[in-house]
Amino acid sequence: MAHRARGRGHTRGLAAVAAAAGLLAAGLGAPGSATAAAQPRIDLRVLVVDDGDSPVQAITAQLRSTGVPYTAVRLTDPDRPAVTAAFLSDTVNGTPRARYQGVVVPNETPFGAGSAEQTALEDYQRTYGIPQVDAYTWAHPGVGLDPTGEGGYAGTLDGREASVTAAGKAGWFGYLDGAFAFEDNAPDVSESYGYAARPRTGFTSYVDTEVPGAGRGSLVGEYAHDGRRELVVTFAYHRHQRQFRVLARGIVEWLTQGVHLGRDRNYFAVHVDDVFASDARWDTERDCTPGDHDCADGDGAGGTPIRMTAADAAYAAEWQRASGFTMDMVYNAGSGEEWRAEHGGTDALTDRLLADRARYRWINHTYTHPFLGCVQDTSTVPWNCARNADGSVRYLGRAEIAAQIRANHDWAVARGLPVDRAELVTGEHSGLRTLPQQPADNPNLAGALADTGVRWIASDNSRESAQRPVGAALTVPRHPMNVYYNTGTEAEMADEYNWVHTARADGGSGGCENNPASTCLRPLDPATGYDTHIVPQEARTALGHALGNDPRPHYAHQSNLAEDRILYPVMDRVLADYRALFAANTPLENPRHAAIGTELQRRAAWDKALADGRVTAYRTGRTVTIAAPSGTHVPLTAPEGTRRQLLLTTEPFGTPYAGRRSAWTLPAALQSTVTLQLP
């Protein structure tokens with residue numbers, strides 16, 4: 001049942017918190033000198049008033065990915081609760097409580113000016129100092145801006161440069177380097193519309209853009225008025241657009257005043273599979289890969305397999321030094337030993353990589369890269385699982401799988417590679433379910449992982465994006481990069497890309513015509529298409545993952561570090577674009593395989609605790625208190641200077657990132673809650 005509105009009468013009844021209201025008017029970060037008894041309790045939860053449009057959906061997605069709990073009120077839902085004083089606040093043990101630390105609304109008056117719900121919301125914000133984000137609105141005096149007809153601009157923003165103002169850099173958007181451009185991916189399509197306008201009294205612009213002939217106009221800013229504060233956003237966006245992605249962190253920090261549950265970092269890790277082995281080469285004449293089961297005359301004939309050289313390995317080490325980025329070498333030692341045996345006992349590539357062993361991270365990829373799932377029957381295209389006499393699926397055995405894992409690990413240890421026994425990437429992610437032929441994991445896989453101490457096994461994010469258990473181990477989903485394993489040159493890459501993505505009439509496979517979710521592309525020029533189309537598109541995708549608080553690694557293959565070394569332009573573009581956007585206090589984090597698995601595991605436990613309603617978190621004055629299920633790591637973000645309460649003393653909380661401090665944390669010894677003391 002919806003609560004009956006009490007409107008302004010409820011506000012007048014809260015005389016006990018009048019002093020706190022004045023103290024909180026400047027934001028939750030400055031509670032002043034009021035006594036603890038006068039301080040209200042502010043729950044660490046956000047209220048989202050959702051109209052179904054993309055700007056509110058984008059901010060909601062950012063809250064969810066960060067780990068910030070929220071309650072959504074959907075305006076189109078006839079059974080939604082009424083937003084009343086009773087819905088927004090109450091008392092707990094005699095202490096006034098604000099149920100929400102911030103409010104996200106579609107625009108400045110989502111319920112209609114003067115309505116009972118709008119009045120209740122505004123009174124609530126005044127009483128407790130609760131900030132409000134206007135997800136998207138037009139420029140007008142009601143939000144502290146001049147109309148765009150008075151020295152402003154209204155129209156498409158595609159390709160336009162925006163800048164963080166001095167106030168933005170000094171405050172909530174200080175993690176940005178300064179300027180960024182709105183996306184313009186399709187010149188014939190308007191991708192982002194907005195309003196840039198001059199601020200009025202009470203408005204502080206955080207992000208602005210040039211208005212030709214009229215100075216600069218605000219796109220994002222804070223409007224303080226009538227005892228309330230609004231973050232006013234005057235351009236439309238959706239969750240995947242880069243202009244939103246770079247601003248999303250600052251929007252959440254402003255909304256929560258820098259104190260919230262959840263943790264947001266920018267991640268980029270790259271796994272290079274098949275190191276020491278060689279990869280088959282795409283046949284540009286037959287449009288397939290010799291040796292594959294679906295390639296006509298696929299007997300292994302065709303072009304020379306692609307394998308790195310010692311010069312390629314030396315280049316990789318130097319590139320890492322120059323770029324400040326470390327790759328994960330996912331290695332097949334047995335394949336390297338086979339190569340050495342076939343080439344007179346010498347292998348300059350392996351020797352060079354071993355000489356530089358400490359420069360890389362290393363991950364077990366099995367000794368000779370066999371398929372660890374069902375035994376493949378390749379007499380048909382596509383292949384099928386072979387069957388036993390009784391009709392059951394024939395699987396590779398537990399001992400054989402364990403031997404592949406163990407032999408590869410032992411080889412690395414004997415040669416001083418810094419390898420972690422707990423980490424594993426199987427060849428083609430085999431052993432895990434492979435649709436449509438093998439809908440379940442090899443039943444022998446979990447036991448083999450236990451036998452060899454594997455806790456983190458890679459999976460393909462394009463097939464299964466959620467982490468899941470495999471016996472006692474957990475998967476670590478990886479993003480496949482569209483830099484194909486069977487290409488060593490830019491021309492080969494463009495040729496195969498054309499085959500996959502163009503229509504039959506243009507010489508392609510026509511697969512895009514059969515898939516309603518796909519769009520056929522015009523053929524790329526083999527000489528230039530890789531640099532002009534594939535690199536920027538793949539870099540944009542990877543950077544989007546990085547800016548979305550997504551720790552999942554990306555993977556390519558050793559073939560892409562050979563010959564034309566086609567992986568480097570993608571990585572260079574990602575790193576350059578990132579460093580142009582972000583300040584030095586917001587580095588691109590590059591965690592290893594096990595750390596990524598741990599991060600995903602903690603997130604899943606946190607999300608479950610929130611979904612089960614088993615998290616209590618609130619702020620009273622300068623003290624933050626969180627209770628969660630025993631053993632559940634709590635993600636927290638707080639200002640610099642925050643300290644974690646121990647039994648008899650305090651210690652600095654978290655690690656610095658983007659101008660805040662954040663961490664996964666547990667209660668201190670002999671405590672049942674996490675307690676922070678804010679500066």
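Give me a count of the residues in the range 374-406 that are over 17 Å from residue 453 (Cα atoms), of a type in the set (Val, Ile, Thr) and not in a loop (DSSP other than H, G, I, E, B).
Qualifying residue count for the region: 1.
Touching a Lys or Arg at 6+ places or on another chain (Cβ under 7 Å), part of a helix (DSSP H, G or I) and either among the polar types (S, T, N, Q) or assigned by TED's automatic domain parsing to the domain that holds residue 469 (or both): does that describe residue 417?
Numbers: touching a Lys or Arg at 6+ places or on another chain (Cβ under 7 Å): yes; part of a helix (DSSP H, G or I): no; either among the polar types (S, T, N, Q) or assigned by TED's automatic domain parsing to the domain that holds residue 469 (or both): yes.
For residue 417, the condition - touching a Lys or Arg at 6+ places or on another chain (Cβ under 7 Å), part of a helix (DSSP H, G or I) and either among the polar types (S, T, N, Q) or assigned by TED's automatic domain parsing to the domain that holds residue 469 (or both) - is not met.
Within the range 420-452, track down each residue that is assigned to a helix (DSSP H, G or I) and in contact with a His (Cβ under 6 Å, 6 or more places away or on another chain). Explain how you work it out, then say what you get.
Of all residues in the range 420-452, those assigned to a helix (DSSP H, G or I) come to 427-429, 445-452.
Answer for the range 420-452, where residues must be assigned to a helix (DSSP H, G or I) and in contact with a His (Cβ under 6 Å, 6 or more places away or on another chain): just 427.
What single numbered condition from (1) part of a helix (DSSP H, G or I); (2) closer than 26 Å to residue 238 by Cα; (3) free of Cβ contacts under 8 Å to residues at least 12 places away in the same chain fails to hold for residue 505?
The number of the failed condition is (2).
Give the residue that is farthest from the chain's Cα centre (by Cα), with candidates limited to residues of the range 551-564 that are surrounded by 19 or more Cβ atoms within 10 Å (Cβ to Cβ) and part of a loop (DSSP other than H, G, I, E, B).
From the range 551-564, those surrounded by 19 or more Cβ atoms within 10 Å (Cβ to Cβ) are 551-562; that's our starting set.
Filter once more, keeping what is part of a loop (DSSP other than H, G, I, E, B): 551-553, 562.
Details: 551: 6, 552: 8, 553: 10, 562: 29 Å.
This residue is 562.
Which one of 470, 483, 454, 476 is touching a strand residue (DSSP E or B) at 6+ places or on another chain (Cβ under 7 Å), farther than 30 Å from residue 607 by Cβ, touching a residue at least 12 places away in the same chain (Cβ under 8 Å) and not basic (Lys, Arg)? It would help to see each step written out before you state the result.
Details: 470 fails: farther than 30 Å from residue 607 by Cβ; 454 fails: farther than 30 Å from residue 607 by Cβ; 476 fails: farther than 30 Å from residue 607 by Cβ.
Being touching a strand residue (DSSP E or B) at 6+ places or on another chain (Cβ under 7 Å), farther than 30 Å from residue 607 by Cβ, touching a residue at least 12 places away in the same chain (Cβ under 8 Å) and not basic (Lys, Arg) holds for just one of 470, 483, 454, 476, which is 483.
Would you pick out the residues in the range 394-416 that are surrounded by fewer than 18 Cβ atoms within 10 Å (Cβ to Cβ), in contact with a strand residue (DSSP E or B) (Cβ under 9 Å, 6 or more places away or on another chain) and of a type outside the set (D, E, K, R)?
Within the range 394-416, 413 is the sole residue that qualifies.
So which residues in the range 643-669 are part of a loop (DSSP other than H, G, I, E, B) and closer than 26 Å to residue 613 by Cβ? Don't jump to the end; show me each part of the working.
So in the range 643-669, the residues part of a loop (DSSP other than H, G, I, E, B) come out as 646-649, 653-654, 658-659, 666-669.
Those that are part of a loop (DSSP other than H, G, I, E, B) and closer than 26 Å to residue 613 by Cβ: 653, 654, 666, 667, 668.
Anything in the range 59-104 that is loosely packed, with under 15 Cβ neighbours inside 10 Å and β-branched (Val, Ile, Thr)? List them, or say none.
Result: 71, 76, 91, 92.
Just one of (1) crowded, with 19+ Cβ neighbours inside 10 Å; (2) in contact with a His (Cβ under 6 Å, 6 or more places away or on another chain); (3) farther than 24 Å from residue 469 by Cα trips up residue 521, so point out which.
Only one criterion is unmet by residue 521, namely (1).
All but one of (1) farther than 30 Å from residue 287 by Cβ; (2) touching a Lys or Arg at 6+ places or on another chain (Cβ under 9 Å) hold for residue 582; state the number of the condition that does not hold.
The single condition residue 582 does not satisfy is (2).
Please enumerate the residues belonging to the range 502-524 that are out of contact with any Lys or Arg (no Cβ under 9 Å at 6 or more places or on another chain) and under 17 Å from residue 282 (Cβ atoms).
Answer for the range 502-524, where residues must be out of contact with any Lys or Arg (no Cβ under 9 Å at 6 or more places or on another chain) and under 17 Å from residue 282 (Cβ atoms): 507, 508, 509, 511, 523, 524.
Just to be sure I understand the filter: pairs with C-beta atoms under 9 Å, separated by 6 or more residues or on different chains, first member in the range 106-123 and crowded, with 20+ Cβ neighbours inside 10 Å, second member of a type in the set (Lys, Arg) and assigned to a loop (DSSP other than H, G, I, E, B). Which pairs pass?
Every condition considered, the pairs that remain are 120/6.
Name the strands (runs of 3 or more DSSP E) wholly inside the range 215-304 in which the number of residues that are surrounded by fewer than 20 Cβ atoms within 10 Å (Cβ to Cβ) and touching a residue at least 12 places away in the same chain (Cβ under 8 Å) is 1 or more. Walk me through how you get there before you give the answer.
Numbers: elements: 216-225, 228-233, 270-275.
Here the list reads 216-225, 228-233.
The values are calculated or read from the model by the stated rules, or taken from the named source; none is laboratory data. Note that this is a predicted model, so its numbers are computed, not measured. So basically every Cβ, Gly included, is an ideal-geometry build from the backbone, and we count neighbours across all protein chains shown.
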